[in-house]
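These notes are about the structure you will find just below.
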């Protein structure tokens, strides 16, 4: 079918969206499918000798409407502190999954897996660079050097600075400056993702618990020191990918509801009377890769129950 020649399925989908005030062309549907936001067409048989047709899966209409609403800030999903300021079609499935649209778990699993594979690729390159920079370095030192280099670059963005601002709230409970804690905790998380699991039990968990601190869901590190090493063992990228592949529908539902709980706290705090609280709420990075990281860590059985209890 030549581009620009809509099928009957295109027309049906376009008519459905038009009923909600969204004029969408067939070429746009193809773009959405190419971005993984809409499922691919199915081709049911028409009967012997009549070839095959082209239809949309049953959930396509609801998902297409969800994409329209995600992209539409005026009449659809309005601006919120937890949503990305620039919304892209490729991000729609993750946010619609949070909103309980019928996004297949496999779509989210593949997005999380891709995030980890991309991160592992960067860390592998940094280990190779570390070997060139310091030929005498021991093999066990390379993940540490790679993690420290990644964090040093993150300091130029908002990632570690957000964490340090979060843990500034716990200054009287900390034994070191918040920015130093955030830097060390993030480095240890990145080391664990490379399989280097010699972590500090009182420092390492804060790298993924700080959204709960900002959201005032807790005023202390939640993961007991006795579980921190078990968590580190489970965080190697290969172990994460195996865990994602084995998660049940109930596991995915639990992860989603934990994240929805955190999001609810973000939205609530963004309307707080205290201007400082409102500003802090907007620091919680629940979008894009940060969300995927939290989702993957939250999927691990060793933390899911603790996190769920913290936000309910």
Practice problem: Check whether at least one residue in the stretch 233-241 is modelled with pLDDT of 80 or more and in a helix (DSSP H, G or I), and report yes or no. | Solution: no
Quiz item: How about the stretch 56-83: which of its residues are under 19 Å from the mean Cα position of the chain (by Cα) and surrounded by fewer than 17 Cβ atoms within 10 Å (Cβ to Cβ)?
Solution: 71, 79, 80
Practice problem: Search the stretch 215-234 for residues that are closer than 18 Å to residue 190 by Cβ and pair each with any residue that is at pLDDT 70 or above and in a loop (DSSP other than H, G, I, E, B) when their beta-carbon atoms are under 6 Å apart and the residues are at least 6 apart or on different chains. | Solution: 223/205; 228/201; 228/204; 228/205; 232/197; 232/199; 233/197
Quiz item: Looking at this structure, is residue 120 within 30 Å of residue 37 (Cα to Cα) and at pLDDT 85 or above?
Solution: yes
Exercise. Specify which of the listed residues (101, 22, 31) is more than 18 Å from residue 256 (Cα to Cα), in contact with a helix residue (DSSP H, G or I) (Cβ under 6 Å, 6 or more places away or on another chain) and either surrounded by 14 or more Cβ atoms within 10 Å (Cβ to Cβ) or at pLDDT 85 or above (or both).
Key: 22
Quiz item: Does residue 153 fit the bill of being in a helix (DSSP H, G or I), surrounded by 20 or more Cβ atoms within 10 Å (Cβ to Cβ), modelled with pLDDT of 60 or more and in the same structural domain as residue 112 (by TED's automatic domain parsing)?
Solution: no
Quiz item: Condition test on residue 88, is it modelled with pLDDT of 90 or more, within 25 Å of residue 252 (Cα to Cα) and either in the same structural domain as residue 247 (by TED's automatic domain parsing) or out of contact with any helix residue (DSSP H, G or I) (no Cβ under 7 Å at 6 or more places or on another chain) (or both)?
Solution: no
Quiz item: List pairs: first in the stretch 13-37 and under 23 Å from residue 110 (Cα atoms), second part of a helix (DSSP H, G or I), Cβ under 6 Å, 6+ apart or cross-chain?
Solution: 32/89; 35/89; 35/90; 37/67; 37/89; 37/92; 37/93
Practice problem: Inspect all residues belonging to the stretch 109-128 and state whether any of them is surrounded by fewer than 20 Cβ atoms within 10 Å (Cβ to Cβ), assigned to a loop (DSSP other than H, G, I, E, B) and either outside the structural domain of residue 258 (by TED's automatic domain parsing) or within 22 Å of the chain's Cα centre (by Cα) (or both). | Solution: no
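The values are calculated or read from the model by the stated rules, or taken from the named source; none is laboratory data. The shown structure was predicted, so the numbers you read here are calculated from the model rather than taken from an experiment. Counting neighbours? That spans all protein chains shown, and the Cβs are built from the backbone with ideal geometry, glycine included.
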